[in-house]
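Okay, so here's the structure we're looking at.
The values are calculated or read from the model by the stated rules, or taken from the named source; none is laboratory data. Every value quoted in this text rests on a predicted model; they were computed, and no experiment measured them. Positions of Cβ are backbone-derived with ideal geometry, glycine not excepted, and every protein chain shown enters the neighbour counts. Only protein heavy atoms, including side chains, enter the accessible area calculation; ligands, DNA and RNA are left aside. Shrake-Rupley method; radii C 1.70, N 1.55, O 1.52, S 1.80 Å.
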Amino acid sequence: MTHGVGDNVVLIITISLIIIFSPFIARVVKLPTTPSEIILGSIFGYIGLIHDEHLFELVAEFGFLYLMFIAGTEINLKNVLKTPTNIIKKTVLYLVFLYAFSIAFSLQFELGNVFMVLLPLISVGLVASLSKEYGKTHWLELSMTVGGIGEVASIFILTITSAALQSGIGLGLFQTIFALLVFIFIMFLVFRSMQLVFWWFPAISTALMPHEDNKEQDIRLSMGIFFLLIGAMLYLDLELAFGAFLAGIFIPSFFEHKHELPEKLSSYGFGFLIPIFFIHIGTAFNLDALLMDGLVLKALIITGIMILMRVIASLVFIKNLGFVDSVLMGLSHSMPLTLLIAMATLAYNANSIDKLHYFAFILAALFQVISVMIIIKLINIYKEKKETKVE
């Protein structure tokens, strides 16, 4: 279906107004900005003010990749490598619990193999937006570290599952696995080489990103790394989100002297590109689907299961964080919005799940973001009141 110039003008104006006014609407309805953008996208898409347009989809896809890039900038690889052994062990245990719970649940209710992959997905994209709202608290820092490892595992599994759904179990799948392993090994060598070079010649990092920078070299280099890794993933036919995430990790890992850079990159993303992605996510869900028999109940069950399994698994960190902060960490991993929708779409296109379950996963992804952000907000208000009383 082709759209005229007038339709595209309406599309641009609608998206612009949502970007401008969603923070104000979020404040009025007492919802975080992210789910507000998704809901507004869904409503305006339903009434016909937002339609499918190639450029809109392209910018939304770029917004998603930029969100993954920002998530990567929250992780300093040097600090992750210095993570105490007991935290690494607990992270592995945490992931084992998630996948064990997912396999048990899928087998018990005969949901199919794709559910085993979908339910434990972890994405730190929205954890980055939480740190924007609540600052760098201890539980959020640990959430980023654990979530970063979990996301690498999720994207690894996502890439393999995507190849399996598209080409079946055969040569194509093994070629994808081999390409992914080779890419990870090359990236490991690049990281180690850069570590050595920057350690021997620390002046290189300040030459690439000078302290006094009136030519925006820091932004240019960041974007260069971002596009180079996305290009590499395109060439290898691997998951682009993985490349964007790794590109983000480069920034704090090798340019620690540019403390303000992640904040600078984040402000640009959350002010422009990322809201367009969330608006597009909203338009992907047709409000008429809410009338499908049993859809809302299925979405609520998926939401409840995905949140509960993460909160229970997160209790392995109770000695490090305490009960409340462990629960907060588990909740912060209960919003794998981008990966969940991407994976559900792949599964639906490959006929691994039916239309009902596809819409249920999209709706569950929205329910998770809305409910989790509200719960986290309420817990933080409770914590602040408790701390005020103690003082």
Looking at E256, E263, which is the one that is free of Cβ contacts under 8 Å to residues at least 12 places away in the same chain and more than 19 Å from A365 (Cβ to Cβ)? E263
Got a number for residues in region 43-64 being assigned to a helix (DSSP H, G or I) and open to solvent by 10 Å² or more (accessible area, probe 1.4 Å)? 13
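With among the β-branched types (V, I, T), within 22 Å of the chain's Cα centre (by Cα) and open to solvent by less than 40 Å² (accessible area, probe 1.4 Å) as the only criterion, which of I353, I305, I312 stands out? Working first, answer last.
Values: I353 fails: within 22 Å of the chain's Cα centre (by Cα); I312 fails: open to solvent by less than 40 Å² (accessible area, probe 1.4 Å).
Checking each option against the conditions leaves just I305.
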Yes or no: E141 of a type in the set (D, E) and under 17 Å from A365 (Cβ atoms)? no
Looking at region 266-285, I want the residues that are under 17 Å from A128 (Cα atoms) and among the aromatic types (F, W, Y) and have a partner that is open to solvent by 40 Å² or more (accessible area, probe 1.4 Å) and modelled with pLDDT under 85 with Cβ atoms under 7 Å, at least 6 apart or on another chain. Which pairs are those? F270/K132
Of the residues in region 97-142, those that are closer than 22 Å to T338 by Cα and among the β-branched types (V, I, T) come to I103, V114, V117, I122, V124, V127
Kindly indicate the residue of region 199-240 that is polar (S, T, N, Q) and in contact with a Leu (Cβ under 8 Å, 6 or more places away or on another chain) and also modelled with the highest pLDDT among those meeting that condition. S222
Just a yes or no: is a residue in region 349-357 over 20 Å from A241 (Cβ atoms), outside any loop (DSSP other than H, G, I, E, B) and either of a type outside the set (D, E, K, R) or at pLDDT 85 or above (or both)? yes
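Filter region 11-32 down to the residues that are in contact (Cβ under 8 Å) with a residue 40 or more places away in the chain and part of a helix (DSSP H, G or I) and list them by number.
Narrowing region 11-32 to residues in contact (Cβ under 8 Å) with a residue 40 or more places away in the chain: 11, 15, 18-19, 22, 31-32.
L11, I15, I18, I19, S22 - these are the residues of region 11-32 that are in contact (Cβ under 8 Å) with a residue 40 or more places away in the chain and part of a helix (DSSP H, G or I).
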Is it the case that region 318-329 has a residue that's of a type in the set (G, A, S), surrounded by fewer than 20 Cβ atoms within 10 Å (Cβ to Cβ) and under 29 Å from T73 (Cβ atoms)? yes
All positions within region 218-236 that are of a type in the set (D, E, K, R) and crowded, with 16+ Cβ neighbours inside 10 Å: D218
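Within the group M187, M194, which residue is in contact with a Leu (Cβ under 7 Å, 6 or more places away or on another chain), in a helix (DSSP H, G or I) and more than 30 Å from I353 (Cβ to Cβ)?
Working: M194 fails: in contact with a Leu (Cβ under 7 Å, 6 or more places away or on another chain).
Step by step, each of M187, M194 is checked, and only M187 is in contact with a Leu (Cβ under 7 Å, 6 or more places away or on another chain), in a helix (DSSP H, G or I) and more than 30 Å from I353 (Cβ to Cβ).
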What pairs can you find where one residue is in region 306-318 and of a type in the set (V, I, T), the other is assigned to a helix (DSSP H, G or I) and surrounded by fewer than 16 Cβ atoms within 10 Å (Cβ to Cβ), and their Cβ atoms are less than 6 Å apart, with a gap of 6+ or different chains? V316/L93
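With the structure loaded, tell me whether V96 is over 22 Å from the mean Cα position of the chain (by Cα), modelled with pLDDT of 85 or more, among the β-branched types (V, I, T) and assigned to a helix (DSSP H, G or I) or whether it fails that test. I'd like the intermediate steps shown before the answer.
Numbers: over 22 Å from the mean Cα position of the chain (by Cα): no; modelled with pLDDT of 85 or more: yes; among the β-branched types (V, I, T): yes; assigned to a helix (DSSP H, G or I): yes.
No, not satisfied.
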Among the residues of region 296-305, are any at pLDDT below 85 and either under 30 Å from S42 (Cβ atoms) or not hydrophobic (A, V, I, L, M, F, W, C) (or both)? no
Quick check: is even one residue across region 78-87 of a type in the set (S, T, Y), surrounded by 14 or more Cβ atoms within 10 Å (Cβ to Cβ), in contact (Cβ under 8 Å) with a residue 60 or more places away in the chain and assigned to a helix (DSSP H, G or I)? no
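May I ask you to verify whether I379 is modelled with pLDDT under 85 and either in a helix (DSSP H, G or I) or under 19 Å from I122 (Cβ atoms) (or both)?
Working: modelled with pLDDT under 85: no; either in a helix (DSSP H, G or I) or under 19 Å from I122 (Cβ atoms) (or both): yes.
For I379, the condition - modelled with pLDDT under 85 and either in a helix (DSSP H, G or I) or under 19 Å from I122 (Cβ atoms) (or both) - is not met.
Just to check your reading of the model, which residue among F270, F278 is surrounded by 23 or more Cβ atoms within 10 Å (Cβ to Cβ), of a type in the set (F, W, Y), part of a helix (DSSP H, G or I) and in contact with a helix residue (DSSP H, G or I) (Cβ under 7 Å, 6 or more places away or on another chain)? If you could, list the steps in order and put the result at the bottom.
Values: F270 fails: surrounded by 23 or more Cβ atoms within 10 Å (Cβ to Cβ).
The match here is F278.
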I'm checking my understanding of the structure. Among residues of region 136-156 that are open to solvent by 30 Å² or more (accessible area, probe 1.4 Å) and over 15 Å from the mean Cα position of the chain (by Cα), which one is nearest to M116 (Cα to Cα)? E141
